[in-house]
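Colleague: I have a structure here, written as structure tokens, and I will follow up with some questions on it.
The values are calculated or read from the model by the stated rules, or taken from the named source; none is laboratory data. Owing to the predicted nature of the structure, the values given are computational and were not obtained by experimental measurement. Don't worry about glycine lacking a Cβ; one is built from the backbone with ideal geometry, like all the others, and counts go over all protein chains shown.
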Amino acid sequence: MTEGRVVTLVATYIVVAVLLVGGTALLGLVVGGTVGTPDGVGIEGQSPAQFQPDRVNPDVDPETGRIAVERGDARILVDADHGNQFERSDLEPAVEAAFRAGHTVTFSDDVDSDQPYNRTLAGRSGLLVVQPTEGFSAGERAVIRNFTAAGGHVVVLAEPTQSRVSTGLFGGGATTVSFGANNLTESYGVRIGAEPLFNVDDTATDNNFKSIYSSPRGDDPLTDGAETVTFDAGGYVAVRRTSDAEVVYQSVPGTRTLDSRRAGQYPTVARTENLVFVADTTLLERSEVYDADNEAFVGNLLSFLAAGDAPEHLPGPPVTDGESDEDDEPTNETATPTNETPTPST
């Protein structure tokens, strides 16, 4: 092939390529398209909104503020004897805040295990119970009822039944974790609901569809400074209609139950005069305690515990052997059956 022939073929190829590119661009302009569309702009099919380019790095709640606790010298007991699902490190921010305010926090497994339960609670202002997986005995329930009747304060944090996956060197498995103290809280008119909650509205969660928002329902000291509380593993509180328990927080609109997909604004925090029930435990953890207004709410819970009366003499449960010492006198008050209205604390 001669040199002139080669040049002619190359020139023809270039002309055809230019015509194809130019024709494609011209056709795009005719049908209303654009040339050089920026990434992610004007592209169909990028729905829902969280997959749009400007949502690649969604906003998260700022972790600011501090845990403010009313000052004093209260003694608070943390239950650690009922298969409680927490690590002490989880509670360090709350324990530190209580310490700074002058209070003393003690874990029950640091107390003499041979000591009667009424003596363990005597002199305490508050009892904190976090996700126990084992039930309280009839005697313990009676003592706690006596404790709240004498002005002591109790805060219970619970989560609905959930499966947790564990891994190890030789494999893994799933275990079911359930709240075990409904036999205690039912006598106050509350128990943990049957399902976790979720919300798919980005503005109603903390960067995760299970990290739901809750807002106050009316005025209460527990809601001071805490307009938005986020629960990372939240459930709902089942409240008996005939009880004196009142709803303090409820989930925001758009919340649904995880399994049955029932929509509603579910109670997430309820209280009686001397007991508070919270349908989440994660808000105490260092990774969650400063999200949204969680630190203000945790401070209010600690202040509630510290504000309880500290009965120095606390009756124990009824005895059956006819013997009791001075600190273990029988009491006329026992745990209220779950099918009756609980007696209001005084």
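Colleague: Return the total of residues in region 89-130 being crowded, with 18+ Cβ neighbours inside 10 Å and among the aromatic types (Phe, Trp, Tyr).
Modeller: Here the count works out to 1.
Colleague: What number of residues within region 48-85 satisfy the criterion of being modelled with pLDDT under 55 and polar (S, T, N, Q)?
Modeller: Counting residues in region 48-85 that are modelled with pLDDT under 55 and polar (S, T, N, Q) gives 2.
Colleague: Consider Arg256 carefully, then state whether it is in contact (Cβ under 8 Å) with a residue 40 or more places away in the chain, touching a Lys or Arg at 6+ places or on another chain (Cβ under 8 Å) and surrounded by fewer than 24 Cβ atoms within 10 Å (Cβ to Cβ).
Modeller: Here the answer is yes, as Arg256 does meet what is asked.
Colleague: Here is a follow-up. Any chance you could count how many residues in region 76-97 are farther than 23 Å from Ala181 by Cα and either of a type in the set (Asp, Glu) or more than 20 Å from the chain's Cα centre (by Cα) (or both)?
Modeller: Residues that pass the stated criteria total 2.
Colleague: Then there's this: Would you be able to say whether some residue in region 127-147 is part of a loop (DSSP other than H, G, I, E, B), over 17 Å from Thr281 (Cβ atoms) and in contact with a strand residue (DSSP E or B) (Cβ under 8 Å, 6 or more places away or on another chain)?
Modeller: Taking every residue of region 127-147 in turn, none turns out to be part of a loop (DSSP other than H, G, I, E, B), over 17 Å from Thr281 (Cβ atoms) and in contact with a strand residue (DSSP E or B) (Cβ under 8 Å, 6 or more places away or on another chain).
Colleague: Quick one: count up the residues across region 177-205 that are in contact (Cβ under 8 Å) with a residue 12 or more places away in the chain, of a type outside the set (A, V, I, L, M) and farther than 18 Å from Glu140 by Cα.
Modeller: Result for region 177-205: 9.
Colleague: Just the residues that are closer than 21 Å to Asp309 by Cβ and either of a type in the set (Gly, Ala, Ser) or without any contact (Cβ under 8 Å) to a residue 12 or more places away in the chain (or both), please, taken from region 116-153.
Modeller: Of everything in region 116-153, those that are closer than 21 Å to Asp309 by Cβ and either of a type in the set (Gly, Ala, Ser) or without any contact (Cβ under 8 Å) to a residue 12 or more places away in the chain (or both) turn out to be Ala122, Gly123, Ser125, Gly126, Ala142, Ala149, Ala150, Gly151, Gly152.
Colleague: Quickly run through region 196-229 and pick out the residues that are buried (at least 18 other Cβ atoms within 10 Å of the Cβ) and touching a Pro at 6+ places or on another chain (Cβ under 7 Å).
Modeller: Residues satisfying the conditions are Pro196, Thr223.
Colleague: Does region 103-115 contain at least one residue that is free of Cβ contacts under 8 Å to residues at least 12 places away in the same chain, of a type in the set (D, E, K, R), part of a loop (DSSP other than H, G, I, E, B) and over 25 Å from Thr176 (Cα atoms)?
Modeller: Yes, because at least one residue in region 103-115 is free of Cβ contacts under 8 Å to residues at least 12 places away in the same chain, of a type in the set (D, E, K, R), part of a loop (DSSP other than H, G, I, E, B) and over 25 Å from Thr176 (Cα atoms).
Colleague: Next up: Just to verify a result, which residue in region 215-244, among those that are over 20 Å from Ala292 (Cβ atoms) and touching a residue at least 60 places away in the same chain (Cβ under 8 Å), is farthest from the chain's Cα centre (by Cα)?
Modeller: Of everything passing the filter in region 215-244, Thr242 is farthest from the chain's Cα centre (by Cα).
Colleague: Give the residues of region 68-88 that are among the hydrophobic types (A, V, I, L, M, F, W, C), surrounded by 21 or more Cβ atoms within 10 Å (Cβ to Cβ) and closer than 25 Å to Phe136 by Cβ, sorted by residue number.
Modeller: Ala74, Ile76, Leu77, Val78
Colleague: If I filter region 271-281 for residues that are surrounded by fewer than 24 Cβ atoms within 10 Å (Cβ to Cβ), small (Gly, Ala, Ser) and not in a strand (DSSP E or B), do I get at least one hit?
Modeller: No: zero hits.
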